[in-house]
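As structure tokens, the structure follows; a few thoughts come after it.
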Ligand SMILES: C[S@@+](CC[C@H](N)C(=O)[O-])C[C@H]1O[C@@H](n2cnc3c(N)ncnc32)[C@H](O)[C@@H]1O
């Protein structure tokens, strides 16, 4: 039977892999700038449309890279866009491209935005990279408003991650199938609303059902 809780990873290992990621994405940030592969711009539009952003919302882009989602998010006229990433060079490029975005150089699990302040969270092409997933989804759940939407996606689909695995200096997790995703996210107060798993597109939309204090604070 597949595991239905996130794997526990030691703090030392989380820090080690995050350091490797910083180094890699600092070096290759320019590869994430347009022009994007054929078909990707249209699929990114579709991904963002699933967030159902309404005017005045507050949006968080997790593992934003240089900001390929930002011009699409901006079309929906949110009041505020936050972008967080581990890589300083990714965020430097993002600020150059989109000076109005509020950037945060941090692991998403460590963001200290207030409770229940975010309407939509996008995690595009970043879910496999998040090492401390329990910490990340606990903190995302804390920051999100009830009925907010969490969109986990990849515009090249699950198989793309499989094709990358042997060439990366750190392990990449697979995107989960729907039953596993549902079981993994439920403890953090999320319920799956939409699940799309096509050869070149993965979109998981989860609704935030209830406010949940992070486990460490609630104890
Ligand atoms: C493959 S890139 C994708 C960038 C962007 N979302 C895109 O679609 O072009 C993954 C990004 O996630 C960032 N990242 C990985 N783990 C993270 C974490 N725990 N918190 C925040 N950012 C993270 C990496 O630094 C990297 O910039």
In nm, to one decimal, how far is the modelled label at residue 200 from the one at residue 33, with both set 7 Å along Cα→Cβ?
2.5 nm
Where does each of 8, 58 land when they are ranked from fewest to most other beta-carbon atoms within 10 angstrom?
8, 58
Order of 184, 44, 36 - criterion: other Cβ atoms within 10 Å of each residue's Cβ, fewest first
36, 184, 44
Comparing 97, 129, 166, which has the greatest mean-square fluctuation in the GNM of the chain with Cα pairs linked when under 10 Å apart?
166
Stokes-Einstein diffusion coefficient for the range 1-102 at 37 °C in a medium of 0.692 mPa s, Rh from the Kirkwood formula over Cα pairs: what value in µm²/s?
214 µm²/s
Where does the chain land at 222 nm, in deg cm²/dmol rounded to the nearest 500, when only DSSP H runs of n ≥ 4 count, each adding -39500 (n - 2.57), divided by all residues?
-9500 deg cm²/dmol
Please give the Cα centre distance for the range 157-178 versus the range 1-52, rounded to the nearest Å.
10 Å
If you line up the Cα atoms of the range 11-218 on their principal axes, what length do they span on each, largest first, in Å?
39, 38, 33
So if R0 is 45 Å, what FRET efficiency would residue 183 and residue 20 give, r being the distance between their Cβ atoms, rounded to the nearest 0.05?
0.95
So how long is each side of the range 59-171 along the principal axes, counting just the alpha-carbon atoms, biggest first, in Å?
40, 31, 23
For 140-150, 195-205, ranked highest to lowest by mean beta-carbon neighbours within 10 Å, the order is 140-150, 195-205
Which order do 50, 30, 154 fall in if you start with the one that has the fewest other Cβ atoms within 10 Å?
30, 50, 154
Within 10 Å, count the other beta carbons around each residue, average over each peptide in 79-87, 172-180, and list them highest first.
79-87, 172-180
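FYI, it's all coordinate maths here, none of it is from the lab. Since the model is a prediction, treat every value here as computed from it, not as a measurement. Glycine also receives a Cβ, built like all others from the backbone with ideal geometry; neighbour counts cover every protein chain displayed.
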